[in-house]
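Just so you know, all these numbers are worked out from the coordinates, no wet-lab data involved. These numbers come from a predicted model, not from an experiment. Virtual Cβ from ideal backbone geometry, glycine too; neighbours counted across all protein chains shown.
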Amino acid sequence: MPTYPIAGKTVFITGAAGGIGAATARTLHSRGANVVLADRGIDATSALARDLGGDRTLALSVDVTDRAALADAVGRTVDRFGGLDVVFANAGIAADPPATIATIDPAMFERVVEVDLLGVWRTVRAALPHVIAARGHVLVTASVYAYFNGMTNAPYAMSKAGVEQFGRALRAELGIHGASAGVLYPGWVHTPIAGAAFGSNDITTRMREIAFPSLLGKAIAPTRVADAVVRGIENRSARVMVPRRWAPFSALRGVLNPV
Ligand code: NAD
């Protein structure tokens with residue numbers, strides 16, 4: 001039996017128009033949750049809300065770097081559903097095109113950190129009083145890149161490592177209030193960002209093969225991540241890893257850090 005059943009809970013999802021966010025919204029909705037679909041554009045989230053049926057969905061246009069927009073979105077969530085129990089802070093971008101630290105456009109570097117790291121903090125902060133009041137749960141999306149340096153997406157890796165530590169700090173703090181937090185670590189998932197973030201070169205290909213031998217070189221379907229997310233919320237898990245089994249990090253030594 002899950003310790004924190006999801007039916008009837010209100011879940012605020014950022015990046016809800018994307019591969020992992022939309023798949024998770026569908027799964028949560030099918031399990032009886034109210035889902036708030038927050039993403040940059042309203043068209044995709046509105047279409048998803050229509051598809052799911054209107055009564056337990058709310059589509060909102062929110063940029064996670066914008067504190068005022070987040071405060072407004074949280075207010076509208078509470079007005080609509082009477083509270084906010086769970087946050088899935090999942091919106092993310094990668095430097096596109098991937099580039100080295102020496103050559104990347106500085107504005108691109110800083111935008112990735114702004115969305116992937118500060119966007120998570122701003123999302124969580126806006127919702128936190130409600131999560132605490134509800135003794136709810138927060139799940140933040142990190143990445144395999146919290147650990148591995150792919151050599152072409154330093155702002156992404158730097159942000160995801162930060163998200164991991166933020167999630168740990170949050171878990172410690174929320175525990176005092178009877179709430180909880182966890183960190184999601186997707187490996188390699190079949191969504192648009194995967195091409196941009198991981199690129200496709202000898203190093204990233206080797207990394208996938210070595211890090212995730214169970215995938216046999218194939219990306220995971222977002223629905224599999226969604227199932228893991230729901231399990232992670234319902235069990236208030238500290239870590240949600242998809243796939244569950246990764247090679248020991250030592251196996252990658254020499255592949256990712258050739259010098
Ligand atoms: P995706 O590109 O399909 O979805 C990302 C979503 O975030 C998009 O809908 C996009 O519009 C939204 N977004 C981007 N910037 C935003 C902003 N400023 N405000 C609001 N929304 C914004 O990719 P995905 O794979 O579904 O990614 C979801 C999360 O999973 C990301 O944090 C990503 O870093 C992480 N992740 C993905 C993989 C993978 O292999 N796909 C691996 C590890 C981690």
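Can you figure out the FRET efficiency of Gln165 with Glu110, using R₀ = 25 Å and their beta-carbon distance, to the nearest 0.05?
E(calc), rounded to 0.05, equals 0.80.
Using only the alpha-carbon atoms, how far is helix 202-211 inclined from the longest principal axis of the chain? Give it as 0 to 90 degrees, nearest 10.
In the chain, helix 202-211 runs at an angle near 60 degrees to the longest axis.
Report the FRET efficiency, 1/(1 + (r/R0)^6), for Tyr4 and Ser250, where r is their Cβ-Cβ distance and R0 is 41 Å, rounded to 0.05.
0.75
Once you charge only the Cβ atoms, +1 for Lys and Arg and -1 for Asp and Glu, what is the size of the charge dipole of the chain about its Cα centre, to the nearest 20 debye?
840 debye
Specify the angular offset, from 0 to 90 degrees and rounded to the nearest 10, of the alpha carbon long axis of helix 154-175 from the longest principal axis of the alpha carbons in the chain.
Rounded to the nearest ten degrees, it is 40.
222 nm [θ] for the chain, helices only, -39500 (n - 2.57) per DSSP H run of 4+, per residue, to 500?
Computed ellipticity for the chain at 222 nm equals -14000 deg cm²/dmol.
Subtract the Cα-Cα distance of Leu215 and Ala133 from 0.36 nm times their separation in residues, and report this length gain in nm to one decimal.
Roughly 25.5 nm would be gained on extension.
Please express the Cα-Cα pair-distance distribution P(r) of segment 41-188 as a list of whole percents, one per 5 Å bin, running from 0 to the bin with the greatest distance.
Result, from short to long distances: 2, 10, 17, 19, 19, 16, 10, 6, 2, 0 percent.
Starting with the fewest neighbours, write out His29, His177 ranked by other beta-carbon atoms found within 10 Å of each beta-carbon.
His177, His29
If you average the sequence gap of Cα pairs under 8 Å that are 6 or more apart and divide by the length of segment 1-85, what percent do you get for the contact order?
28 percent
Run the numbers on segment 109-254 and let me know its relative contact order in percent, using alpha-carbon pairs under 8 Å that are six or more apart.
This gives 24 percent for segment 109-254.
Which order do Val230, Val144, Val113 fall in if you start with the one that has the fewest other Cβ atoms within 10 Å?
Ordered from fewest to most neighbouring Cβ atoms within 10 Å, Val230, Val144, Val113 come out as Val113, Val230, Val144.
I need the semi-axes of the equivalent ellipsoid of the chain: take the C-alpha gyration tensor, multiply each eigenvalue by 5, square-root it, list largest first in whole angstrom.
So the three semi-axes of the chain are 30, 19, 17 Å.
Based on alpha-carbon centroids, what's the gap between segment 85-113 and segment 227-242 in Å, whole number please?
24 Å
Quick one: if you stick a label point 7 Å off each Cα along the C-beta vector at Arg206 and Thr223, how many nm between them?
In this crude spin-label approximation the distance works out to 3.5 nm.
Any idea what angle helix 119-134 forms with the longest principal axis of the chain, computed on alpha-carbon atoms, 0 to 90 degrees, nearest 10?
40 degrees
I need to check one value: relative contact order of the chain, counting alpha carbon pairs closer than 8 Å and at least 6 residues apart, in percent.
Normalised by residue count, the contact order of the chain is 20 percent.
Looking at the square roots a ≥ b ≥ c of the eigenvalues of the Cα gyration tensor of segment 24-117, which shape do they give, rounded for a/c under 1.5, prolate if a/b is larger than b/c, or oblate?
prolate
When the chain is modelled as a GNM with alpha-carbon springs shorter than 10 Å, which of Thr24, Thr141, Thr205 fluctuates the most?
Thr205
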